[in-house]
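K.L.:
Take a look at the following structure, please.
The values are calculated or read from the model by the stated rules, or taken from the named source; none is laboratory data. Only a predicted model underlies this, so the values are computations on that prediction, with no experimental measurement involved. Cβ coordinates were reconstructed from backbone atoms using ideal geometry, including for glycine residues, and neighbour counts include every protein chain displayed. When the accessible area is computed, the model is the full protein with side chains, heavy atoms only, and any ligands, DNA or RNA have been set aside. Shrake-Rupley method; radii C 1.70, N 1.55, O 1.52, S 1.80 Å.
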Amino acid sequence: MKNMSGELKITSLNVNGLNNPKKRKRVLRKMKTVGGDVMFLQETHLSKEEHKKLEKLVNAQVHSSSFHSARRGVAKLIKNNISFHFEKTKMDKDGRYVLVKGRIDNAEITLLNVYNFYLLFCRWHCQMIELFSPQDGSTVLHTNTASLTAE
């Protein structure tokens, strides 16, 4: 599970909305500085169409889940320099998680990106763990919210 330098760098950012073009540009610049081969974004607040536009902006595969209003939203960006072979995805209609299964260098990998402000409620979190527990022996990378300020 490596890029050309032999390592896989994963970054997780709570971007607190990317609808404003100026903020989106600042955050994307910050993401480039921080780096990462796989980037988990929470609270994107983007529609499905806007998430698609991220592919061109960051030169990456984008897998996302959107909410029907400018709230929630998660995205997983997998840089094109990673030999990731997509197999399947699961997401919810409420923009709280996106799961992607695939392969990197012939190793099975499951990438789970979750945004849920109410993760303190164990019932929901336990259901998530059960739902996404790998039955196939693949490696699971899971992230929850983190913080990023674009100032």
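K.L.:
Tally the residues that are part of a helix (DSSP H, G or I) and touching a residue at least 24 places away in the same chain (Cβ under 8 Å), restricting the search to the stretch 55-68.
P.N.:
Matching residues across the stretch 55-68 total 2.
K.L.:
Conditions: (1) exposed (fewer than 15 other Cβ atoms within 10 Å of the Cβ); (2) modelled with pLDDT of 85 or more. Residue 133 meets all but one. Number of the miss?
P.N.:
Status for residue 133: all satisfied but (2).
K.L.:
Turning to a different aspect of this structure: Looking only at the stretch 33-51, filter to residues that are touching a residue at least 12 places away in the same chain (Cβ under 8 Å) and farther than 18 Å from residue 112 by Cβ; which one of those is most open to solvent (accessible area, probe 1.4 Å)? Spell out how you get there, then give the answer.
P.N.:
Going residue by residue through the stretch 33-51, those that are touching a residue at least 12 places away in the same chain (Cβ under 8 Å) are 34-48, 50-51.
Adding the requirement that they be farther than 18 Å from residue 112 by Cβ leaves 34-35, 45-48, 50.
On the way: 34: 56, 35: 19, 45: 35, 46: 4, 47: 45, 48: 141, 50: 52 Å².
Top of the filtered list is 48.
K.L.:
Additional query: Pull up the stretch 52-71, narrow it to residues that are of a type in the set (S, T, N, Q) and either over 21 Å from residue 9 (Cα atoms) or out of contact with any helix residue (DSSP H, G or I) (no Cβ under 8 Å at 6 or more places or on another chain) (or both), then point me to the one that is most open to solvent (accessible area, probe 1.4 Å).
P.N.:
For the stretch 52-71, the residue satisfying everything is 59.
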